[in-house]
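Have a look at the structure below before the remarks.
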Amino acid sequence: MDKVVALLAFGAIGLLLPACTAFKRWGYEGFGRDRWQKPDQVIQVLSIQPGDSVADLGAGGGYFTFRLADAVGPTGKVYAVDVDRDMLDYIAKQSAAEKRENVITVAADYDDSKLPDASVNLLFTSNTYHHLENRTAYFERNSRVLRPGGRVAIIDLDSSGWFMWLFGHSTEHDDIVREMNAAGYEVVGDHHFLSRQSFIVFARRPS
């Protein structure tokens, strides 16, 4: 019951404070996210190299952006990509305050990442895939942003929780694979240590 009340309060406050950056960040990160998201293990299995270029698609409040920036190091680059200008402004200010010159914000459209061609070694997205419309076409178009040997890492919520199921904030594992196969990708990594999410890594299928 307490969880239901909290969720109702969450929605009510969200209607009253749509532009509150701090509230948005709290909404993106959720309750005790580190416990179930296991961000350090996620970064580790991606084997990101110093000097790599990574895009954080749907960066939100920068939960993964800054961790990715640590992984690529000062010689690398992280594009924080989002349609939410408030969150991009927050990431830009936080990056400036922490002197993270390797973080670049990108204001995307809903159907276009706005990333430069051949700009990234890794296109990473967490809990954003289910928000995208016509996902197969989206990732087929965005194959242009990958460098030779580039990968796409997709983490998305599954329907194991009633909230995700009820509000559609999830995508089934097999649906992700099917849609990405149709977009011209193949699975090169499938990780199962996240209790609430699928975590699948793709590469362009050889033509």
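Criterion applied to 123, 115 was being buried (at least 20 other Cβ atoms within 10 Å of the Cβ), touching a residue at least 24 places away in the same chain (Cβ under 8 Å), within 26 Å of residue 174 (Cβ to Cβ) and aliphatic (A, V, I, L, M), and the one residue passing it is 123. Does residue 78 count as surrounded by fewer than 20 Cβ atoms within 10 Å (Cβ to Cβ) and either of a type in the set (Val, Ile, Thr) or under 29 Å from residue 181 (Cβ atoms) (or both)? Criteria not met by residue 78.
Would you check if residue 45 is hydrophobic (A, V, I, L, M, F, W, C) and over 14 Å from the mean Cα position of the chain (by Cα)?
Details: hydrophobic (A, V, I, L, M, F, W, C): yes; over 14 Å from the mean Cα position of the chain (by Cα): yes.
Criteria met by residue 45.
Condition check for residue 175 on (1) crowded, with 19+ Cβ neighbours inside 10 Å; (2) modelled with pLDDT of 95 or more; (3) under 18 Å from residue 196 (Cβ atoms): one failure, at (1). Condition check for residue 48 on (1) in a helix (DSSP H, G or I); (2) modelled with pLDDT of 95 or more: one failure, at (1).
When the range 188-207 is filtered for residues that are assigned to a strand (DSSP E or B) and in contact (Cβ under 8 Å) with a residue 24 or more places away in the chain, the ones remaining, listed by number, are 188, 189, 191, 197, 198, 199, 200, 201, 202, 203, 204. Filter the range 85-110 down to the residues that are in contact with a Phe, Trp or Tyr (Cβ under 9 Å, 6 or more places away or on another chain), surrounded by 13 or more Cβ atoms within 10 Å (Cβ to Cβ) and of a type outside the set (A, V, I, L, M), then identify the one that is nearest to residue 51 (Cα to Cα). If we take residues in the range 85-110 being in contact with a Phe, Trp or Tyr (Cβ under 9 Å, 6 or more places away or on another chain), surrounded by 13 or more Cβ atoms within 10 Å (Cβ to Cβ) and of a type outside the set (A, V, I, L, M), then 100 is nearest to residue 51 (Cα to Cα). Out of all the residues in the range 139-159, is one or more part of a loop (DSSP other than H, G, I, E, B) and loosely packed, with under 13 Cβ neighbours inside 10 Å? Within the range 139-159, none of the residues are part of a loop (DSSP other than H, G, I, E, B) and loosely packed, with under 13 Cβ neighbours inside 10 Å. Just to be sure before I move on: is residue 195 exposed (fewer than 13 other Cβ atoms within 10 Å of the Cβ), touching a helix residue (DSSP H, G or I) at 6+ places or on another chain (Cβ under 7 Å) and not β-branched (Val, Ile, Thr) in the structure I sent? Considered against the rule, which asks whether it is exposed (fewer than 13 other Cβ atoms within 10 Å of the Cβ), touching a helix residue (DSSP H, G or I) at 6+ places or on another chain (Cβ under 7 Å) and not β-branched (Val, Ile, Thr), residue 195 comes out as yes.
The values are calculated or read from the model by the stated rules, or taken from the named source; none is laboratory data. Predicted model, so just to flag it, every value in this text is computed and none were measured. All Cβ positions, glycine included, derive from the backbone under ideal geometry; neighbour counts span all protein chains shown.
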